[in-house]
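Before any comments, here is the structure.
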Amino acid sequence: MNILLKSVTIVNGNNKDLHKKKKDILIKNGTIEAIATKIDPPAKTKIIEKDNMHVSIGWFDSGVSFGEPGYEERETIENGLMTAAKSGFTDVILNTSSTPTPDSASDIVFLKNASKNLLTKLHPLGNLTANGESEALAELYDMKNSGAVGFYDYKHPISNTNLLKIALQYAQNFDGLIFSFPLDRNISGKGIVNEGVTSTRLGLKGIPALAEELQIARDLFILEYTGGKLFIPTISTANAVKLVADAKKKGLEVYCSVAAHNLTITDEALEDFNTQYKVMPPLRTSTDTKALIKGVKNGTIDLITSDHTPLNVELKHVEFDNADFGSIGLESIFGMLNNILDIEDTIAQLTKGREIFNVDPPKLEIGQPANLTLFDPEITYNFTQDHIHSTSKNALATGRQMKGKVIGTVANNQLVINE
C-alpha cells in the first residue's frame, strides 16, 4: 500500500531539520520512502490531505484496560485497539484488568495472539501475584519470556510488604519491571473521593492524600533496600510528586505516571454527583493538579496515561456510593492535554516512555517503518458521545471543551482515518 501525506507539519523534537517544517511524506509498503517539500505520487497511491494536518511519531499509552477476556461486552481487544488507533496511539500497555487475570505464560500468549496484525501494537502486563491476591508471586519469568513488559496487580495495592521486597529482588535476574499501586487500604478505608472540603460538603467518604503517600514512601524505602525497577502508576497528590522526585535524586530506578484527568479536573467536578467522575485514584484539589503539571514539565512524572477503563452502563448508572471507579480516556486525552500544555509539550508527552518497557521507539526518518499519528492541534470542540469509539461510554470528558483532534494513524502497513 502506497500513501502520500500532503503538506503535513512535522512535530519532531528529535530532528531539528524537520521540526515544524511542512513536507510531503511518501510511504511505500509500510516504510517511509521520501520526505520532501513536494512529492509527485506514484500510481495507485492513497493521498491524505487535510487542512492544518500535523504529524508526529505514533503515540504511546502506558496504561489501558479492555474487557477481553471475561468482559467482552465492555471492550474486545480488537475494538479496543481500533479505538486506540483512532485516538492516535500505535502502542499501548495493557493492564491486568480482565477475568481471568493474566498470571501465566499462556495468558500472555493469548493476549499477544489476539492482537496480531492490527495497526496498534499491544504490550501486555502480567499479574504480579497469582490471581492478584497479594499472597504468592505469579509466573514472572515465564511471562516475561512470553512477552509481558511488566508485572502489576491492576489497581490492587500490594499489602504484603515482604512480597514486594521479594518481587523487586527476584525480577532483577531478568530485568523485570514491578508495578505497585499507590494506596494504603488501612488509611483509605471505604473512601470513594478525595478527602477534603468537597467531600465534607457533599457528605461523601473521603480518601486522604496520606493513603497514597504512605504507600509510595513504603515502596520507595523497599526499593532503596532491594534495588530493581519500580513503576508507580497514576499518582495524584502534590506530596507524591515530591516523594518520587526525592527518590530519583537518590538514583533509585523509579518511574511513575499520572492519569490525564488528574492533571485537568479537580474534585469540584463532583458537585452534581456525576458518577463518571468517580475514578481511582480520585480527583484531587487544584493544589495537587498544579504540582502534577509541574512534575510533568520537570520530568519527575515520566508518563501521562489515559487510564482508559471501559465499564458496563449499569456500573455507572447507580447511586454514587455504589458506582464503579473508572472512565474511558483514549479518545479524549489529546484534547485534554492540549488545553494545558503547548503542542510541542503535548506531543512530547504522548510519544515518550517506550524505553521504560523495552519497546523500540519509532523514528520519523526515510527508510524507517511508518509509525505515525496525524492530527490537527488547533481545532476546538465539545466532547460528546459521538466522539467515542469504545464500546463502553463511561467518559468523564463528555461535555468538556477539547483542543486538538486526531485525524488518523499509520502503522504496521495500515492506515486508519477518522471521517
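The values are calculated or read from the model by the stated rules, or taken from the named source; none is laboratory data. Quantities reported herein were computed from a predicted structural model and do not represent experimental measurements. Note: ideal-geometry Cβ built from the backbone for every residue, glycine included; neighbour counts use all protein chains shown. For accessibility, only protein heavy atoms count, side chains too; no ligands or nucleic acids. Shrake-Rupley method; radii C 1.70, N 1.55, O 1.52, S 1.80 Å.
Taking the numbered list (1) in contact with a Phe, Trp or Tyr (Cβ under 6 Å, 6 or more places away or on another chain); (2) open to solvent by 20 Å² or more (accessible area, probe 1.4 Å) in turn, Val279 passes all entries but (2).
Every test in (1) open to solvent by 30 Å² or more (accessible area, probe 1.4 Å); (2) within 21 Å of Val64 (Cβ to Cβ) is passed by Tyr381 save one, and that test is (2).
Of the strands (runs of 3 or more DSSP E) that lie entirely inside the range 18-90, those containing 3 or more residues that are free of Cβ contacts under 8 Å to residues at least 24 places away in the same chain span 22-28.
Scanning the range 224-244 for residues that are open to solvent by less than 10 Å² (accessible area, probe 1.4 Å) and either in a helix (DSSP H, G or I) or over 15 Å from Leu263 (Cβ atoms) (or both) returns Leu230, Phe231, Ile232, Ala240, Val244.
Return the only residue of Lys190, Lys165 being surrounded by fewer than 23 Cβ atoms within 10 Å (Cβ to Cβ) and either touching a strand residue (DSSP E or B) at 6+ places or on another chain (Cβ under 8 Å) or assigned to a helix (DSSP H, G or I) (or both). Steps first, answer last, please.
Working: Lys190 fails: either touching a strand residue (DSSP E or B) at 6+ places or on another chain (Cβ under 8 Å) or assigned to a helix (DSSP H, G or I) (or both).
Criteria check complete, one pass: Lys165.
Being open to solvent by less than 10 Å² (accessible area, probe 1.4 Å), closer than 19 Å to Ser332 by Cβ and among the hydrophobic types (A, V, I, L, M, F, W, C) is the filter here; which residues of the range 69-93 pass it? Leu81, Ala84, Ala85, Phe89, Val92, Ile93, listed by residue number. Filtered by the rule that a residue be outside any helix (DSSP H, G or I) and open to solvent by 20 Å² or more (accessible area, probe 1.4 Å), the range 123-146 gives Glu133, Glu135, Ala136, Leu137, Glu139. Taking the range 114-135 as the region of interest, how many residues are more than 21 Å from the chain's Cα centre (by Cα) and modelled with pLDDT of 95 or more? The total comes to 1.
Please go through the range 22-34 and pick out each residue that is closer than 18 Å to Ile407 by Cβ and either at pLDDT below 95 or open to solvent by 30 Å² or more (accessible area, probe 1.4 Å) (or both).
So in the range 22-34, the residues closer than 18 Å to Ile407 by Cβ come out as 22-27, 32.
Selection gives Lys22, Lys23.
For the range 326-342, filtering for residues that are surrounded by fewer than 23 Cβ atoms within 10 Å (Cβ to Cβ) and part of a loop (DSSP other than H, G, I, E, B) leaves 2.
Note on the range 94-106: residues that are open to solvent by 40 Å² or more (accessible area, probe 1.4 Å) and modelled with pLDDT of 95 or more amount to 1. Just one of the listed residues (Thr391, Thr384) is without any contact (Cβ under 8 Å) to a residue 40 or more places away in the chain and out of contact with any strand residue (DSSP E or B) (no Cβ under 6 Å at 6 or more places or on another chain), namely Thr384.
Every condition in (1) open to solvent by 10 Å² or more (accessible area, probe 1.4 Å); (2) under 17 Å from Asn412 (Cβ atoms) is met by Asn12 except one, and the failing one is (2).
Screening the candidates Asp360, Asp345 for the property of being open to solvent by 20 Å² or more (accessible area, probe 1.4 Å) and in a helix (DSSP H, G or I) yields one hit, Asp345. Among the residues making up the range 168-187, those that are closer than 19 Å to Thr234 by Cα and open to solvent by less than 20 Å² (accessible area, probe 1.4 Å) are Leu177, Ile178, Phe179, Ser180, Phe181, Pro182, Leu183. Mind checking which residues of the range 107-122 are open to solvent by less than 70 Å² (accessible area, probe 1.4 Å) and hydrophobic (A, V, I, L, M, F, W, C)? Those that are open to solvent by less than 70 Å² (accessible area, probe 1.4 Å) and hydrophobic (A, V, I, L, M, F, W, C): Ile108, Val109, Leu111, Ala114, Leu118, Leu119, Leu122. A count restricted to the range 306-325 and to residues that are buried (at least 24 other Cβ atoms within 10 Å of the Cβ) and either among the aromatic types (Phe, Trp, Tyr) or touching a Pro at 6+ places or on another chain (Cβ under 9 Å) (or both) stands at 1.
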